[in-house]
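Since the structure comes first, as C-alpha cells, the remarks are kept for the end.
The values are calculated or read from the model by the stated rules, or taken from the named source; none is laboratory data. Keep in mind that this is a model prediction, so the values were computed, not measured. Please note: Cβ atoms are built from the backbone with ideal geometry, for glycine as well, and neighbour counts cover all protein chains shown. Ligands, DNA and RNA are stripped out before the accessible areas are found, and what is left, the full protein with its side chains, is counted by its heavy atoms. Shrake-Rupley method; radii C 1.70, N 1.55, O 1.52, S 1.80 Å.
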Amino acid sequence: MKGLGKARADRTDDEDPTPRGGDGTREPGRTGEEREPRGRTAGGRRVPWYVSLPVTLAVIFALFLGMANLGWLPGLPNPFAEKTVDRSQPVVLGSIQNMSRYNAATGNFQVIVDLANEAKFLPSAILGTRSLYVGAGSVEAYVDLGKLGTDSVKVSDDRRTATITIPHGQLAGAALDVKNSYMYSQERGLFDRLGDLFSSSTSDDQHKVELLAVEKIDKAAKDTGLTVTAENNTKAMLTGLLGSLGFTSVTVDVV
C-alpha cells in the first residue's frame, strides 16, 4: 500500500505543472501559469499613460460642459451661452426732402395674408407652399399746404375775416409695422423642403407676403373716410391758428 501511495504521489508531482527549483522542490507562491499583472488589458498589454490620460481628461471635460449647460454649476458661466453682436455699418443719409404737407390723420390697419403657391397636378404635401402672415401697418392722410397759391388766402381790409382754399386730402403709402407683424405659420411641400437644402426661399416668401400686406392695407385705406377726416382736421387747425392771430371769421374751403 505504501508503494502504491508513493507511485500516485510521484504521478501527481509529474502532472503538476508548477515550476520546481534546482533541488526538485516546487517554488512557493507560483502557479503553473504566470498570473496576469494588474493594470493590463485582456490581451496582456498595459494601456499606455499617454492614451489613458487624454481619454480621462476628455471625459471629465465633457461632464463639466454638460453640467454647466444644464445649470448645475451656477457659479460658472455657461460655455454654450450666445450673445448678440451688432456689426452693422453706420447709417448714411441718402437725401433730405422738404415737406409742406400737414399730416392730419393716421389710420392703423391689420390684415391676415393667406398666400399659397399650388401645383396643378400634385398635392400641396408634395409640391407647394402656404404662408399665413399677420401684417400691421399705418397710413397717413395729409393736406399739401405747399399747393396754396396767392389766391388761396384772402384777408379783409380790417384783418378780421379770412378765407382759405385748401386742396383735398391725400393718402401716403402704407408703412408696415415690423414689430407687430409676424409670420403666423408656413407650410411647405416635400420637394420645397428638399430644395431648401440647396437654396433657401424662406426670405423670398417673407418678402412676398410683406408686399401683399402693404398692398392690401393701401387698398383698405382708400375705402375709408380717412381723407375726409384729414380735411376736417386741417380746417380745425387753420381756424384755430388764425383765430389766435385776431381773426374773428375764418372760412376754409376744400377744392
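If you go through region 164-180 and keep only what is among the polar types (S, T, N, Q) and in contact with a helix residue (DSSP H, G or I) (Cβ under 7 Å, 6 or more places away or on another chain), you end up with just 170. Residues in region 75-90 that are at pLDDT below 75 and open to solvent by 80 Å² or more (accessible area, probe 1.4 Å): 76, 77, 80, 82.
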